[in-house]
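Report on one structure; see the data block that follows.
The values are calculated or read from the model by the stated rules, or taken from the named source; none is laboratory data. Source: prediction; values computed, not measured. Don't worry about glycine lacking a Cβ; one is built from the backbone with ideal geometry, like all the others, and counts go over all protein chains shown. To get the accessible areas, we keep the full protein, side chains included, count just its heavy atoms, and leave off ligands, DNA and RNA. Shrake-Rupley method; radii C 1.70, N 1.55, O 1.52, S 1.80 Å.
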Amino acid sequence: MIMFLTISRKYAEALFSVIQDKSTSSLDFWSLVLDDAARVVSNKDVEQFISHPIIGKQEKLEVLKSLLSSEAPRIFFNLLELLIERNNLMILPCISEQFSKLKNNYEGVGIAKIFTAFSLSTEQVKSLVAKLESRIGLKLRPKVLIDESLIGGVKIFIEDKVFDISVKNSLNKMQEILTTV
C-alpha cells in the first residue's frame, strides 16, 4: 500500500507540475477529470477488462477514451497511456486522491470529515467549521457523515489531525480510567 501511495504521489506531482507550467485549464477542472476517470477505472467490469492479460494496451486505451469525457486534455490521455504501458492504471484513484491533496494544499484548503451520530443543521456545520478554521488556519470544506456508533458529539478528521469529542470516546476514556484503578 505504501508503494502505491509513493508511486501515485509521484504521478500526481508530475501532473500538477505540468498543469501549472503548460495548462490553461483550472485545477478544479483537472480534479473533475481525474475523479471521473478514477470512478470509471474503479468500476468492476472496467477493472476486469483492464486487468485481462490478453487484451492489448492500445485496445485498453481506446476503450477508456470512449468511456471518458472527450473534453479531457491530451495531457490526460498521455497519462492514461503511460499508466497502461507501465501496468499502473489501477492506481488512478490514488493519483486522483493525491492530486486533490496537492490542489487543496496549494489553495490553502483542507477537507474536514465530520462524523456525527445525528444529522447537523447547516448552521451547526457552519459554526463548527468556523471554529475549526480559526483553530487550524485552513479554509475547510466539510464532509458530514453519520456514524451512529458515536452515540453523540462529533469526530473530525482534517488531514493528519483528529478531534474526537464524541460520547463514545468519553465513555472509552472513562472505562480505561476505571479499569486501571
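Ligands, DNA and RNA are left out, and with a 1.4 angstrom probe the accessible area of segment 139-181 is 75 Å² per residue. If you sort the three axes of the alpha carbon gyration tensor as a ≥ b ≥ c, you get a/c of 1.5 or more for segment 60-110 and a/b above b/c, which makes it prolate. Dividing the mean sequence gap of close Cα pairs (under 8 Å, 6+ apart) by how many residues segment 1-141 holds gives a relative contact order of 34 percent.
Could you grab the Rg to Rh ratio for segment 34-181? Cα atoms only, Kirkwood for Rh. With Rg and the Kirkwood Rh in hand, the quotient comes to 1.14. Summarising the amide proton neighbourhood of residue 164: residues at separation of 5 or more, or on other chains, whose placed amide H is nearer than 5 Å comprise 156. For the residue pairs 139/168; 22/139; 65/126; 10/113; 60/143, the C-alpha atoms sit more than 31 angstrom apart in 65/126; 60/143. Hey, any idea what % of the chain's accessible area is carbon plus sulfur with a 1.4 Å probe? For the chain, the apolar C and S fraction of the accessible surface comes to 56 percent. Under a straight-distance cross-link criterion of Cα-Cα below 16 Å, which aspartates and glutamates are reachable from residue 103, leaving out those fewer than 8 residues away in the same chain? Residue 103 reaches 13, 21, 28, 35, 159.
In this structure, the amide hydrogen of residue 112, modeled 1.01 Å from its nitrogen in the peptide plane, lies closer than 5 angstrom to those of 141, 143, counting only residues at least 5 positions away or on a different chain.
Phi-derived couplings, Karplus 6.51 cos²θ - 1.76 cosθ + 1.60 at θ = phi - 60°, listed residue by residue for segment 102-112: 4, 4, 4, 4, 4, 8, x, 10, x, 9, 9 Hz, with x used for Gly and Pro. Near residue 165, once Lys and Arg are set to +1 and Asp and Glu to -1 for all other residues with Cβ below 14 Å from its Cβ, the sum equals +4. Placing dummy labels 7 Å off each Cα toward the beta-carbon, the span from residue 86 to residue 51 is 2.0 nm. Quote the FRET efficiency, to the nearest 0.05, computed for residue 71 versus residue 173 with a Förster distance R0 of 45 Å and r equal to the Cβ-Cβ distance. Efficiency, rounded to the nearest 0.05: 0.30.
Here the gap between residue 113 and residue 35, fully extended at 0.36 nm per residue and compared with their Cα-Cα distance, gives a gain of 26.3 nm. In the context of the full set of protein chains, segment 46-116 has a per residue accessible area of 54 Å² (1.4 Å probe). The label point for residue 6 and the one for residue 131, both projected 7 Å from the Cα toward the Cβ, are 4.1 nm apart.
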